[in-house]
Amino acid sequence: MLGKAAAFAIVMAMALPAQVQATGDPVSYQAATSAGWGAESTVPTPEGSTDSGVESVLTSDQQDLMQGDADWSARANLYHAGGGGATGNDSLGCRPIAMRTVATDPRYIPRRTRLFIRETVGMRMPDGTVHDGFWYASDTGGAIKGQKIDLYTGHGRGSMSPAMRFNQRRLTIVDAGRFEGCPPSWDRQPSQATMMASASSNAGSN
């Protein structure tokens, strides 16, 4: 008889790819949470590690972004709310979204660019779910010049743990289109069609 962990793995392997094929949207943090992906594990996984099986559930769009040419390369720094970190809204007047908001030099990476950061695909979050690689350039900073980006991790220094291995590391970034309004929260993802339409109508604007 199959063990509980093995049975869970088989069920999730069948359920998640089917969901991706049906919707055509990226596998989001919220969707993975709702599905209970990674809710059970018999072996503890170090914080910030990558889920080695995540490639099997990437959408075709995500796979293309993984394999195509990069648009930028930048050294990452982590920042958080509280304790001298981020305060208030970002430079667009939006509430920063943990593991989504990115601060850039707009002369290098324009604001309102939807970014796909390859190294963060599969980043394991504290609840066991994984990151889909999408971030949003909605903030700026006086110390962010040229090939530098700041990744917002949430509230408190502890929120930096899952992404700590990216701190001061040069990351590979792909332009995944434009976004309107504020970066979406994890439970409110824009459809791929909306993002493509936005990318087409706003190409070249800052």
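The values are calculated or read from the model by the stated rules, or taken from the named source; none is laboratory data. Just so you know, these numbers come straight off a predicted model, no measurement behind them. Glycine gets a Cβ as well: all are built from the backbone with ideal geometry, and neighbour counts include every protein chain shown. Ligands, DNA and RNA are stripped out before the accessible areas are found, and what is left, the full protein with its side chains, is counted by its heavy atoms. Shrake-Rupley method; radii C 1.70, N 1.55, O 1.52, S 1.80 Å.
Quick one: is THR50 of a type in the set (Val, Ile, Thr) and modelled with pLDDT of 90 or more? No; evaluated as a whole, the condition is false for this residue.
Annotation note: of ALA143, ALA137, ALA176, the sole residue that is over 11 Å from the mean Cα position of the chain (by Cα), under 20 Å from ASN89 (Cα atoms) and surrounded by 15 or more Cβ atoms within 10 Å (Cβ to Cβ) is ALA137. Among the residues making up segment 150-173, a single one is touching a helix residue (DSSP H, G or I) at 6+ places or on another chain (Cβ under 7 Å) and open to solvent by 20 Å² or more (accessible area, probe 1.4 Å): THR172. Against the criterion of being at negative phi, modelled with pLDDT of 70 or more and of a type in the set (Phe, Trp, Tyr), TYR29 does not qualify. Number of residues in segment 58-70 that are in contact with a Pro (Cβ under 7 Å, 6 or more places away or on another chain) and open to solvent by 60 Å² or more (accessible area, probe 1.4 Å) equals 0. State which residue is farthest from the chain's Cα centre (by Cα) when the search covers only segment 104-134 and only residues that are farther than 16 Å from ASN77 by Cβ, charged (D, E, K, R) and open to solvent by 10 Å² or more (accessible area, probe 1.4 Å). That would be ARG107.
Residue count for segment 71-94 satisfying the condition of being surrounded by fewer than 14 Cβ atoms within 10 Å (Cβ to Cβ) and either at pLDDT 95 or above or at positive phi (or both): 6. There is no residue in segment 76-91 that is in contact (Cβ under 8 Å) with a residue 40 or more places away in the chain and either among the basic types (Lys, Arg) or closer than 17 Å to GLY177 by Cα (or both).
Of all residues in segment 72-84, at least one satisfies being assigned to a loop (DSSP other than H, G, I, E, B) and in contact with a Gly (Cβ under 9 Å, 6 or more places away or on another chain).
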